[in-house]
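What follows is a single structure, written as C-alpha cells, with notes after it.
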Amino acid sequence: MNLIRRMALPGLFWLFVAYLFLPLVVMAAMGFRDSNFVAFPIQSWTTQWYRDVLFDRDILASLWLSAQVAVLSTVISILVGLPVAFLTARTSGLLRGALVALVVLPAFLPVVVSAIALRIFIGRIGLETGMVAIAFGHAVASMPFVVVMVLTRLNSMSLNMTDAARNLGADEVIVLVRIVLPYLSPALLGAFMFCMLLSFEDFVRSFFLGGFEQTFPVLLFSRLRFGFDPGLAAISTIILIATTGFGLYAERFIRSRRLGRDTSISATGNTHD
Amino acid sequence: MTRLLVSLRSFAPYRAMLELYSRSPLLRLCLVAIIPVLWIGATNIAPLAQMVEISFYEQYPVRQGEPIEWTLRHYAAFFERSLYITAFVRSFVFASLATVITLVVVFPVAFYISKVAPKHTSTRLLLLVIAPFWVSEIIRSFAWIVMLANRGAVNSFLSMIGLPGTPFELLYNNISLTIGVVYLTSLYMLLPLYAALEKIDDNLLEAAANLGAPAWQRFTRIVLPLSREGIVAGCTLVFLLVIGLYAMPQLLGGPNNTLFAATIGQIFAKAGDSWPLGSAFSIILTGSALAYVGLFIALFQRRRRGGSA
Amino acid sequence: MTDTVPAIELRNISKAYGALRVIDDVSLRVDKGVFITLLGPSGCGKSTLLRTIVGLSQPDSGAILVDGQDITQAAAHNRPVKMVFQDYALFPHMTVAQNIGFGCEMQGMSRAATAERCRELLELIRLPDLGGRYPDALSGGQRQRIALARALAPDPAALLLDEPLGALDLKLRQDMQRELKSIQRRTQKTFVFVTHDQEEAMSMSDLVAVMNKGRIEQLDTPQNIYANPVSEFVASFVGAANLFPARVAAVEGGKARLEVEGSEWVVPTHRITSGDGLKAGDGATVVIRPEALTAGASRATNRIRLTGKVTEQTFFGDRVHLHLSLASGQSVLIDARPQAVQAGTEEMTVECATEDLAVIANG
C-alpha cells in the first residue's frame, strides 16, 4: 500500500494530467507550423497562422454569432431560472420532487434527442432556425444549472431577512430588488459565467437549431470535415486559452463566494413557535 | 432606484396592487409560478410530447386538408433493418465500455486528489484537471486528430525513436474514438467521485489498518462501498453523455462504426418527411437509455441492501 | 375618562394550524412606554403572536390596533410596529449604516435625514464608529445592538423583540439586558419582549404576560406574578415552586382552612390568588416558594410547618438547596442560607408564614 501511495498513484495522476494537456499543447504547437498541412515534425516555425485567423471573416463572424448566442441564452436562462428556483424553494415534498425532476429533465436526455425535439418544436411554433433558435436551445440546456446554483444560495438565506425587510417597510418589489437579488448576486454571477461557457462550447444544439450562419464550434466542425490546416490549430488554441481562462476565473469566483462571507450571518436559525 | 420605488408608492393604484399582492398568498404563488410553468411546459414537455406524437404520423408535415394517418410503421422500421439494430447495440456496448474505462482511469486520479495528495494541494490539483473542461468537444476532437493522424505527433514520435512499421493507423477507429471520448467524459466522472471520496473519514481507513486489514481489503471493504453513490452518479452521467454523442464519433470514429445517435442525426439531416422515422428512433434511444440507466441504479441499490444484511 | 390610547391593543386574536390552536383568543392592551414581556415555553405561541402583530402572519380572527388604528388588514410593509429578530436578520450585503437607514429610506426620508438619524442611533447604542462596517465583521453583541437600532430608526409606535438575547452567552446577555432596559428608558418606547427565560422577564419588564398553549395565563407586574401566581403553570414556570395538593375544609371570617399533607393549614383568604369563591370541598393547590421555607419551628402563629428527611443537599456558596422528603413521599425544595443548616442533619422541620404562600383553585 505504501508503495502504491508513494509511487503509483502520483504516477497515474501525472500521467492523467499529461493525457489532458499533451494534446492541447501539441495542437498549440501545430498552429506555429510554417506549412499548409497538419503534420509532424515541425521543421520551420511561423506566427503567421495565429495572425491570419484573426482576420478570417468567417471565423470572426462565427465568433460574433457565438457571443450573441451566449449572451442571449444566458440572459434567458437566468430570467427563467430565477423564478423556477423561487417556485422550487416554495414547494416541498412530492410536488418539489416532481418539479425538480421536470426542471432537470433536459440534462438527462441524449443531447441529440433533445436538440432534435427542439428543432421540431420551433418548426411547429414558426420560429426560424438561427440565432434566436440556438439561444433558445442553449437556454433550455443551461437553465437547470441556474436553478441549482440559485437554490443552493437561496437555501443559505435566512427567511427572517426578507421578513425583516418587509417589517421595515419594504414592499415585495423592493424586497426583491434590495434584498433577494443582491443576496443571490454571487450565485447569479457564477451562473452567468457558467451559462456563457456552456453556450459557447455547445455543438449539437447549435448544429441542429442553426440556420445559414454557423456558431464557432459548428464552423470548426464543418472545416474539420474538409481537411485541416495549422490555422485551425491556431484559432482553436486561442479559443482554448480564452475559455479556459474564463472558466478558471469563474470556478475560482464561485468557490471563493461559497466559502466566503455568507456563512457567518446565520446565528440561531429561525424557529417560530 | 429604491427611492424611485418608494416614491412610486404614493401612486394609489400601485399601492393597492402591492397591498393585494402581499395579502394574497394565492396570487403570490400564481405570479411566481407563471413563468416556470410556461417555460417548463414549452421547453421540457411540449417538444418531447410532440416528438412522441410525430413518431406515430404516417408522414410529416401533414398536408393541408388531409387527415392525419397514424401508424406504427416507423417503430417497426427499427427492427426491420439490421443496420439500425447494429448501430443501436453498438451504441450501448460502446457507451457501457467507455463508462467503465472512464471509471477505471479516473478512480485512481480522484482517489489521489482526495485522499493521498497533501491536503493543502488538493484544491490546486483539482483545478488542474478541471481546467480543460471548458474546451469544446470539437476542439478536443481536433487536438486528438493532431495527435493521432498518420503524420501526427504520436506517429512522428514513434518513427523518430525508430519503431518500424510507422505510420500506424491510429485514427478513425474505435480506439481513437475511445481515447477521445474518455477525454471528454473524465470530468463528469471525476467530480462525483471526488465528492464521494472526499467525504470518507480518513480515520476509517486508519482504524481498518489498525485492525489489521490489508490494503486490498481496505479498498474493497471501505473505500468502494462508501464511494458507491459517487460511482453510480458518475457512471450515469457519463453513460447518458456518451449515448447522445454526435460530433466526436464523426470526427474520430471509423466510417463503418456508426453509432445510433449519428444515425438519428443523419435521418434528420434529410428532408422533413423523414422526421417521423427520426422521432421514433429518438424515442427508442431515449427510452432504452433511461431504462438501462434506471436498471443499473436499481441493481446497485439492491446489492447494497443485500450486502448490509 | 382618560384619552390614553394604548400603543398596542389585541382583541380576541386566534390562529390555528390545522387542529393546533397556536393563539387562542388572546386579548391584550399595552400602554405607551411600557416594557412588557411575553413569557412562555417554546411552542406557546408567543413568537407567532409577535409575527401576527407585524403582519408576517395573519390571524384567523380578531383585531390588532396600533395607536388606536385597526391595522389587522394592513400589509406587513405598512405597519408602524418594528421587530428585532432572533437571529438579528441583518442584511449581510449592506453596511451597518445602510442597515440602520433601511427603514428610514423606506419611509421616503431624504438622504441627509437618514444619515442624521443613523448617526443618532449609533450614538444611542454606543457604537458611533461602526457605520461603515459590514455585519459579518461584528461580534454577536454588536450585531444585536445594530438590529435594535435598525428597528428603532423609523421611530416605530412600538418595538417587538423576538428572543433577541437567545444567541448570546450568559455574561453578554446580562450586559445586554441592562443595555436594553436603559435604551427603553431613554427612548420612552413601548417594548414588547418575547422570551422563555423567566429571569430575563422578571429583571427587565414592567409587566409580564405568561403564555401557555396559545393563551395568556396571567398578566401582571413581575412581583405579583412571582408572589401571586394564578395557576400551577405560572407558579412552576416562573421561579421554583413547591406545589401541595389541598382540599378546602371551610372558608369563614377571612380564613380558609385547608387539608394539606394530613394536617390543617389556616390561610388568610387574600392569599387565594385565583378562583372567586373557594367553598368547602373544593380542590386547591398551595404554592410555597423554596426561599419562603425557613428551618426551625418558632412559636409564632400564622405559620405552617413541614417535617421530613433531608435527601439531598446542594451547596451554591451563598445559598444551599435542600431536598426534604415528607412522610407522604412528596419532595420539598428549600432554599436556605448555609448558616441556617446544620451539617449532618437528617430530619428537619421547616416553616412558612401563611402570608408567603399562595392558594390556587383547581380547574
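Evaluated on region A:16-141, the Kirkwood hydrodynamic radius is 18.8 Å, with distances taken between all distinct Cα atoms. Amide H contacts for C:ARG303 (H built 1.01 Å from N in the peptide plane; partners 5 or more residues away or on another chain; cut-off under 5 Å): C:THR354. Per the Debye calculation on region C:100-171 with a single equal scatterer at every Cα and no solvent contribution, log₁₀ I(q)/I(0) for q = 0.14, 0.17, 0.22, 0.26 Å⁻¹ amounts to -0.45, -0.65, -1.02, -1.27. Each 5 Å bin from zero holds the following percent of Cα-Cα pairs in region C:154-219: 4, 15, 27, 26, 16, 10, 2.
Above 19 Å, the calculated P(r) of region B:1-90 contains 70 percent of its Cα-Cα pairs. Highest mean packing comes first when the peptides B:44-51, B:112-119 are listed by Cβ atoms within 10 Å, giving B:44-51, B:112-119. Projecting the alpha carbon convex hull of region A:121-181 along each direction and taking the average yields 6.0 nm².
What's the FRET efficiency of B:ILE85 with A:ALA98 using the Cβ-Cβ distance as r and R₀ = 41 Å, to the nearest 0.05? If you can, show how the numbers build up before the last one.
Details: r = 35 Å, r/R0 = 0.85.
For R0 = 41 Å, the calculated efficiency reads 0.75.
In whole Å, how far is the Cα centre of region A:181-213 from that of region C:62-126? Centre-to-centre (Cα) distance: 40 Å. Here the Karplus curve 6.51 cos²θ - 1.76 cosθ + 1.60, taken at θ = phi - 60°, turns the phi angles of region B:20-34 into couplings of 4, 4, 6, 8, 10, x, 5, 4, 4, 4, 4, 5, 6, 7, 5 Hz, with x standing for Gly and Pro. Each residue, A:ARG57 and B:LYS119, gets one label point 7 Å from its Cα in the Cβ direction; the gap between the two is 6.1 nm. Could you calculate, for chain A, the ratio of the Cα radius of gyration to the Kirkwood radius, expressed as Rg to Rh? Reported Rg/Rh, Kirkwood definition of Rh: 1.06. Label positions at B:GLN59 and B:VAL104, each projected 7 Å from the Cα along the C-beta direction, are separated by 5.1 nm.
Its relative contact order, with pairs defined as Cα atoms under 8 Å and 6+ residues apart, puts region B:136-277 at 29 percent. How high is the relative contact order of chain C, in percent, with contacts defined as C-alpha pairs under 8 Å that are six or more residues apart? The normalised contact order for chain C reaches 15 percent. Here the scattering of region B:114-226 is modelled by Debye summation over its C-alpha atoms, one equal scatterer each and no solvent; at q = 0.09, 0.16 Å⁻¹ the log10 of I(q)/I(0) is -0.43, -0.87.
Here, region A:134-259 has an Rg and a Dmax of 19.8, 67 Å when only alpha carbons are counted.
Divide, for region C:43-112, the radius of gyration over alpha carbons by 2.2 N^0.38 Å, where N is the residue count. Compactness ratio reported: 1.30. Put simply, region C:121-276 fits an ellipsoid with semi-axes of 44, 15, 12 Å; these come from the alpha carbon gyration tensor as the roots of five times its eigenvalues, largest first. Taking label points 7 Å from Cα along the Cα-to-Cβ direction, A:ASP34 and A:ARG124 give a separation of 6.0 nm.
For B:ILE200, no residue 5 or more places off, or on another chain, has a built amide H under 5 Å of its own. Just so you know, the Cα atoms of region B:20-175 work out to an Rg and Dmax of 26.6, 84 Å. Amide H contacts for C:GLU217 (H built 1.01 Å from N in the peptide plane; partners 5 or more residues away or on another chain; cut-off under 5 Å): C:VAL210, C:MET211, C:ASN212.
Grouping the Cα pair distances of region B:160-233 into 10 Å bins from zero gives a pair-distance distribution of 16, 28, 22, 16, 16, 2 percent in increasing distance order.
Equivalent-ellipsoid semi-axes for chain B (Cα gyration tensor, √(5λ), whole Å, largest first): 42, 36, 23. With neighbour counts taken as other beta-carbon atoms within 10 Å, the residues A:MET143, C:MET202 rank, fewest first, as C:MET202, A:MET143. Global dimensions of the protein assembly as shown from alpha-carbon coordinates: Rg and Dmax equal 37.8, 126 Å.
For chain C, the alpha carbon positions stretch 74, 45, 42 Å along the principal axes, listed from largest to smallest.
Mean partner shielding of peptide B:12-21, defined as the number of other chain Cβ atoms within 10 Å of each residue Cβ, is 3. Along region C:256-268 the Karplus relation, 6.51 cos²θ - 1.76 cosθ + 1.60 evaluated at θ = phi - 60°, assigns HN-Hα couplings of 10, 9, 10, 9, 10, 6, x, 10, 9, 10, 9, 10, x Hz to successive residues, with x for each Gly and Pro.
How fast does region C:240-361 diffuse by Stokes-Einstein, in µm²/s, taking the Kirkwood radius from C-alpha pairs at 25 °C and 0.890 mPa s?
Estimated via Stokes-Einstein, D reaches 165 µm²/s.
Label zone of A:VAL75 (point 7 Å out along Cα→Cβ, amide N under 16 Å): in region A:110-153 this covers A:131-140. The string of couplings for region A:34-41 from the Karplus curve (6.51, -1.76, 1.60, θ = phi - 60°) is 8, 6, 8, 10, 7, 6, 10, x Hz, one whole number per residue in order, with x for Gly and Pro. Taking the inverse of the mean reciprocal distance over all distinct Cα pairs, the Kirkwood hydrodynamic radius of region C:192-290 comes to 14.5 Å.
Where a number appears in this text, it was derived from the coordinates with a stated rule and is not lab data. All figures in this text were calculated on a predicted structure; none of them were measured in a lab. Cβ: placed from backbone, ideal geometry, glycine included. Neighbour counts: every protein chain shown.
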